[in-house]
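Coordinate-derived values only; no laboratory data. Remember, it's a predicted structure, so these values are computed and weren't measured experimentally. Here the Cβ positions follow ideal geometry from the backbone for every residue, glycine too, while neighbour counts run over all protein chains shown.
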Amino acid sequence: MSTAAPVLEAIGLCKSYGRVRAVIDVSFDVRPGEILGVVGDNGAGKSTLMSMVSGALAPDSGRLQVAGRELLPHTIGNARSAGIEMIYQDLGLSNNLSIVENVFLGREWTGGVRGVPILRKKAMRGRTRAVLEELGIDLHDMNVLVEGLSGGQRQMVAIARALVTENEPRVMVMDEPTAALGTTESAGVNALIGRLRDRGYAVIVISHRIPEILSMADRLLVMKGGRNVYHGGTEGLDVERCVQLIVAGDFAAAGEVTR
């Protein structure tokens, strides 16, 4: 488990929709070189919480700090500038575009000849290949269309896209990265997430796969009814106790766990 100072801190975050309190006074942190698992039943507030972290939603109250500095205003662009990248469950890839085109979609590298903008295709292809190789991802043809890739390969392209940013990302947030994958491809994606941790990234993973997340996460955030009912280490926290926390929302019901 990482002993570094937190790179991201959420302090007393709250978000309501009318009378529905989606997130209630949630605080947590994540450190460089650490995987934080986020679990909870449907409607527990996980997605709303991570939408605030990514800048897609502004909290009603509370604050977010990146490397000790408060994140303001709460926008996606500002969160990205601070080094927070979100990979959604649907990945947001375009099937009719190549790997390179997806990685650089919306942030293409351009040059110019006599004032005429020209895409720097060779440079983008080289950068994409370098990122994939650094992560141990075996995708040789950068020009293949994404529609021809497997689910696991598509997930890896989405992760590579998050890394090819103007600012080096510090925090990677992944929403159900293995939900649509089989056992073999899930293992490949989880291994990649582990390599991101080893490279010093703080990785937040939302998942319903309790055994999987317990095996890979350094710490766990358990959500129920918009509240965090547990935030601590995974040592001594088995599947049964984790499920009890999710269902009962009661730390005592899950037995003694190392926090």
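Remarks
- Kirkwood hydrodynamic radius (C-alpha pairs) into Stokes-Einstein, region 40-180, 4 °C and 1.567 mPa s, D in µm²/s: 78
- Evaluated at q = 0.09, 0.13, 0.14 Å⁻¹: base-10 log I(q)/I(0), Debye formula over Cα of region 120-259: -0.34, -0.65, -0.73
- Using the average count of surrounding beta-carbon atoms within 10 Å as a protection proxy, the listed peptides 9-17, 156-164 rank, highest first, as 156-164, 9-17.
- Note on the chain: Kirkwood hydrodynamic radius from all Cα pairs is 19.1 Å, rounded to one decimal.
- Region 94-166 - Rg and Dmax from Cα coordinates, angstrom: 12.4, 42
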